[in-house]
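One structure below.
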There are 2 protein chains.
Amino acid sequence: MSYSIVPLQRLTEQLERLPGIGRKSAARLAFHLLYLPDKDAKAFTEALQDAREKIHECPICCNLTDVEPCPLCGDDRRDKTTICVVEDPRDVLAIERTREYSGLYHVLHGTISPMDGRGPDQLRVKELLRRLEDETVTEVIMATDPTVEGDYTAMYLSRLLKPLNIKVTRLAYGIPVGGDLEYADEVTLSRSLEGRNEL
Amino acid sequence: MSYSIVPLQRLTEQLERLPGIGRKSAARLAFHLLYLPDKDAKAFTEALQDAREKIHECPICCNLTDVEPCPLCGDDRRDKTTICVVEDPRDVLAIERTREYSGLYHVLHGTISPMDGRGPDQLRVKELLRRLEDETVTEVIMATDPTVEGDYTAMYLSRLLKPLNIKVTRLAYGIPVGGDLEYADEVTLSRSLEGRNEL
């Protein structure tokens, strides 16, 4: 390696490890962070430390939160009879953006994936079962991703819940709104056919 | 604003202020930084603080450095008779990568830009003149960007240096190597014509 400014090089390398940041973006970000006024640099590191210190899993739904219970579990206006099971906290944010769902959530923090050595014990499955004990919940919506692992996880959980006499549903998968039939992949199109509704 | 995890939201907003990072990338980066093992998060913030604390301007060439003088000014093998004047420290790195230049540098930290209220006093011009006093330097290469401001700055400095009896040169501008005449813009092509060499 030829001439380099060591601490700057180290910062660039750290930035390059972030997802979606290549060598050139990392260099640009490093210079930006270097030239940032002290006030802004402080706000940046504080936001990072603050988020890492204060955010933990909600003891009920396992979603990320800085309060206990999380604002969703603690909200009396939410429908306590329905739980929507998702893979990770980003999915909760996505569903909340629709403003169509008013029930509760349960965040698994992953999927069952034997290939990667992840079984049900690595997910928040026990926590889900505990929530179903008092029989308040009448429906569990499986909203895991429509991938091999997501489907498998939904199937596994639905079998686990069957004896509990709880309605288990799965999100509908099909052609995205505004999508084009011609460009839809075969699997999505088959799912869309299977899940067809009467008009 | 609907449901959000406040510290995570704040971190996302901080990341969104970085150059080239949009809303979705910021959210992805925020989750990544949140889930980072403690060791890696510490390495990240330390690299940032370290770079900001240790890096300052070299008292001679005004390039960024963590040692004094910088490795380039302190290197006895470099040709002390030539100074290459650039706009910012990234330009030094770019020229060093060519391995074609063995002289010294001078970093202006910007260009003269009356539109933005930046005159010569905001640049490291006094520092450049001080370096020319002992008459070691025989050539100054103007390597500012081929933009209106870069050209103007090079012109301004060359007039300033003329009375000192120093050879002032400017980088050649023309069609990039591997480029296509057909797609070259008119200004680049005119510059390339003006700067033509005998074969």
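Between B:73, B:84, the distinction of being more than 10 Å from chain A (Cβ to nearest Cβ), buried (at least 17 other Cβ atoms within 10 Å of the Cβ) and in a loop (DSSP other than H, G, I, E, B) belongs to B:73 only. The number of residues in segment A:53-66 that are hydrophobic (A, V, I, L, M, F, W, C) and loosely packed, with under 14 Cβ neighbours inside 10 Å comes to 0.
Of the residues making up segment A:4-16, at least one is more than 8 Å from every other protein chain (Cβ to nearest Cβ) and more than 20 Å from residue B:96 (Cβ to Cβ).
When residue B:134 is tested against (1) in a helix (DSSP H, G or I); (2) exposed (fewer than 15 other Cβ atoms within 10 Å of the Cβ); (3) without any contact (Cβ under 8 Å) to a residue 24 or more places away in the chain, only condition (1) is not met.
Quick grid of which residues meet (1) within 20 Å of the chain's Cα centre (by Cα); (2) part of a strand (DSSP E or B); (3) touching a residue at least 12 places away in the same chain (Cβ under 8 Å):
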| position | (1), (2), (3) |
| --- | --- |
| B:153 | yes, no, yes |
| B:156 | yes, no, yes |
| B:162 | no, no, no |
| B:169 | yes, yes, yes |
| B:175 | no, no, yes |
| B:187 | no, no, no |
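You will find that of B:30, B:26, the residue that is more than 8 Å from chain A (Cβ to nearest Cβ) and either in a loop (DSSP other than H, G, I, E, B) or surrounded by 14 or more Cβ atoms within 10 Å (Cβ to Cβ) (or both) is B:26 and no other. On the stretch given as segment B:87-115, residues that are under 18 Å from the mean Cα position of the chain (by Cα) and not in a loop (DSSP other than H, G, I, E, B) total 16.
Regarding residue B:174, is this residue surrounded by 14 or more Cβ atoms within 10 Å (Cβ to Cβ) and at pLDDT 85 or above? In short, no.
Among the residues that make up segment A:99-122, is at least one of them free of Cβ contacts under 8 Å to residues at least 12 places away in the same chain and under 26 Å from residue B:24 (Cα atoms)? Yes - at least one qualifying residue is present in segment A:99-122. Within segment B:34-41, one or more residues are surrounded by fewer than 21 Cβ atoms within 10 Å (Cβ to Cβ) and facing chain A (nearest Cβ under 7 Å).
Restricting B:60, B:95, B:83, B:55 to residues that are in contact (Cβ under 8 Å) with a residue 60 or more places away in the chain and under 20 Å from residue A:3 (Cα atoms) narrows the list to B:60.
The values are calculated or read from the model by the stated rules, or taken from the named source; none is laboratory data. All values derive from a computational prediction rather than experimental measurement. We place every Cβ from the backbone using ideal geometry, glycine too, and count neighbours over all the protein chains shown.
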